[in-house]
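Below: the structure, in structure tokens.
Every number in this text was worked out from the coordinates using simple rules, so none of it is lab data. Predicted model, so just to flag it, every value in this text is computed and none were measured. As a convention, Cβ positions derive from the backbone with ideal geometry for all residues, glycine included, and neighbour counts pool all protein chains shown.
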Amino acid sequence: MREKVFQIVSQVMMVPVEQINEQSAAQNIEAWDSLNHMNLILALEEEFGARFSDEQIMRMLDIKTIIAEVTEMASYAGNAG
Amino acid sequence: MNRLSYAQVIGGLDAEQLAVLPRLKIAILRNVVVEPIVPYLRRLAQGIGFNAEARFGGYDNVYQEAVGGEAGLLNPETDCALVFLRLETLSWDLSRNFASLKPAEIEAEVERVKEFIVAAQAGIRRQTQAMILWCGFELPVYPALGIAERQRDNGQTAVIEELNRFLRAILGRQGNAYFVDLNLCLARIGARNFYDQRYWHIAKAPYSREALREVADEVFKYIRAMKGHSKKCLTLDCDNVLWGGTIGEDGLSGIKLGKTHPGSAYYEFQQEVLNLRHRGVILALCSKNNEEDVWEVFRDHPDMVLRREHIAAARINWRDKADNLREIAAELNLGLDSLVFVDDSDFEVNLIRSLAPEVEVIELPKDGAIAYREALAACGYFDTLTITREDAERGVMYQAEAFRKQMQRQYQDLESYYASLEMALEIRLADEFSIPRISQLTQKTNQFNLTTRRYSDADIERLAEGEDTEVVYLRLRDRFGDSGIVGVCVLRYESERAVFDNFLLSCRVLGRGVEDAFLTQCLKRAVLRQCEAAIGEYYPTAKNNQVKDFYLRHGFELVAEGDGLRRFKLGLTTFARSEPPYFQRIDSELGTFCNRVRYRKGS
């Protein structure tokens, strides 16, 4: 799942996947603006069959939080993604 | 249509392929965030051979961009101006605060919105002649006054409907401007899927991805029609498409077709097919069967909606369907890319996709026949911006064509066959009644089209009114019926020469000597206007090779060649040519000058 998240972030932000790591965040990826944030969340939802709340969305501004939220979502669904 | 994920849509965009395609410049004016629509638009554009480039006006800057035009968003190169003007942003009172308004306040706010629409629309048109596609206001799903709403005519729904009517009227008066009905998209997928309240609140982006995909599909029906990519012919398989079961095995009484389940699904599908025929779509059959079995169903089954006379061409045999489709296209004088293919067999669908990829395929839903009708209605491939008289009559015209072919076999030589058709030509200068069909012909004709210059209604009107230009049309009738307007010639007069800016004939009337008579008439016109020479122009395209030597065959000489354009010249000082003898009547108004003032706007 971690790799899938990296891949999606890389694709949406147009950054090579090798440059994505646990420290990647909106602050250090230039293309991560409000529009691409929306694209990212929708791509994650599409990939993991999840649906995040508006408050979660506003929190998911770095890879660590994203992975945490996706993991939590997946465990609720009883499915590791 | 395709139900790819967003990532697949983006992944399907081939940058290398797109780079070589002509641009399609879409300017988006909006008061909400709709940016995620772009990949859908680009993907649809790629499908018809364009590299779409979307530029956005600033958020909630519709008026500034339309009227001010400072940002340079709209310009003469724009192909399409797409407007998303959402009522929630434009008028909080009408959209969300309606219940508190007094009648006078409603009226005042409606007036303000109307003035805004008028000013924005006029501002866009001042900056570009591009097609304007304007998304109408969405109706509230939970209207302000609840169930009392529909019992009165000044409820919120009624007021928004009135605004939409007003908007449609303004766009209609403008020309090349169209109302896009978002309520259709909303109804198709349902409000719970259409809106994403999270992004409305976070980012002023009201529409979900699914909604934007649906809206992009709808918007693209207009763009496809504008670019001349509407499909012309629906080619149908028979077994398990027009009826359930296999006629060869189940027999006439065993196949499923009728007004009750399960045959009703096929009955309704056939009705939808027939509806397309009334809109001008040509119908053909491509089926692996014994031919006589299929025609027996058409003739003898009591619940057939389609009749044999509705079918313009058929290949019912055991051969390869790709070859059969090529033959059907050739028989109907159409390009393969004008065909849409429907077949329940994955094998046949894949065969066509690999061997005849120009043909568009409608995939039948896996839900089975109950979903066929909607799949056909939803495809949008056949949509045209207007429906002319010729469209409504097309099916009958193709039927007449079949009779002509039958007759042709009875005659030894072509000329006596032509004479037997009792053809009558009517040749006139464009007037307000003929303009929609004339521009439609310039947009749709591909094969017998010497320069393939595409013109809008407004272009033809300008050419018809111009001092040094004339637009001539040809109408053909014969003993089998009226083919309507089937030929167009655009003439440009420059220093005692008549330049044939374009010369085209509908593929339906080729092979009857009509082009000779039409050309002769146009040349006579040039002589009457004291031209010393006629200049014919030929601009090659992927499809008009058959007319490459048209002017040479008619006595012109090649005088110039460059940038793809070839120019031919015919001296007119000793012109003495007449039309072929086999026409019963040629009714032409080209012989007199007084007709020149015939074109009057709005008369």
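Structural remarks
- Helical runs assigned H by DSSP (4 residues or longer) give chain B a calculated mean residue ellipticity at 222 nm of -11500 deg cm²/dmol, each run adding -39500 (n - 2.57) before division by the residue total.
- Residues B:Tyr40, B:Tyr59 arranged by fewest to most Cβ contacts within 10 Å: B:Tyr59, B:Tyr40
- In the structure shown, the pairs B:Lys366/B:Lys444; B:Lys231/B:Lys321; A:Lys4/B:Lys221; B:Lys114/B:Lys227; B:Lys25/B:Lys444; A:Lys64/B:Lys204 are assessed against 29 Å; a Cα-Cα span above that value is assigned to B:Lys366/B:Lys444; A:Lys4/B:Lys221; B:Lys114/B:Lys227.
- Only helices enter this figure: runs of n ≥ 4 DSSP H residues, each worth -39500 (n - 2.57), summed and divided by the residues of chain A, yield -18000 deg cm²/dmol at 222 nm to the nearest 500.
- Full-stretch length increase - A:Asp33, A:Ser53 - with 0.36 nm per residue and alpha-carbon distance subtracted: 5.3 nm
- Neighbouring partner chain Cβ atoms per residue of A:33-40, average, 10 Å criterion: 4
- The length gained on full extension between B:Glu296 and B:Ser578, counted as 0.36 nm times the residue separation minus their Cα-Cα distance, comes to 96.6 nm.
- Diffusion of region B:51-166 by Stokes-Einstein, at 4 °C in a medium of 1.567 mPa s and with Rh set to the Kirkwood radius over alpha-carbon pairs, works out to 84 µm²/s.
- Cα gyration tensor category, rounded, prolate or oblate, for chain A with a/c compared to 1.5: prolate
- Here B:Leu523, B:Leu306 are placed in order of increasing Cβ neighbour count within 10 Å, fewest first, which gives B:Leu306, B:Leu523.
- Length gained when the stretch B:Ile189-B:Glu161 is fully extended (0.36 nm per residue, less Cα-Cα span): 8.0 nm
- Footprinting exposure proxy for B:Ser5, A:Ser24 (fewest neighbouring C-beta atoms within 10 Å first): B:Ser5, A:Ser24
- Cα shape, region B:233-378, gyration tensor, a/c 1.5 rule: rounded
- Against the compact-protein benchmark of 2.2 N^0.38 Å, the Cα-based radius of gyration of region B:427-503 scales to 1.09.
- The base-10 log of I(q)/I(0) for region B:49-103, evaluated at q = 0.17, 0.25 Å⁻¹, reads -0.68, -1.02 [Debye formula, identical scatterers on Cα atoms, solvent excluded].
- Taking every alpha-carbon pair under 8 Å whose residues sit at least 6 apart, chain B reaches a relative contact order of 9 percent.
- Modelled spin labels at B:Asp549 and B:Ser5, positioned 7 Å past Cα toward Cβ, are 5.7 nm from each other.
- Cα pair distances exceeding 41 angstrom across the protein assembly as shown, given as percent: 41
- Most positive-pole-ward Cα, B:Leu74, B:Cys507, B:Cys531, against dipole of chain B from beta carbon charges: B:Cys531
- Between B:Arg55 and B:Arg409, the simple spin-label model (points 7 angstrom out along Cα→Cβ) gives 6.0 nm.
- Prolate/oblate/rounded call for region B:363-461, Cα gyration tensor, a/c under 1.5 rounded: oblate
- Relative contact order [Cα under 8 Å, 6+ residues apart], region B:233-378, whole percent: 26
- Rounded to the nearest 0.05, the FRET efficiency derived from the C-beta distance between B:Glu432 and B:Glu327 at R0 = 35 Å is 0.30.
- Once the Cα atoms are used to define both axes, helix A:2-13 deviates from the longest principal axis of chain A by about 50 degrees.
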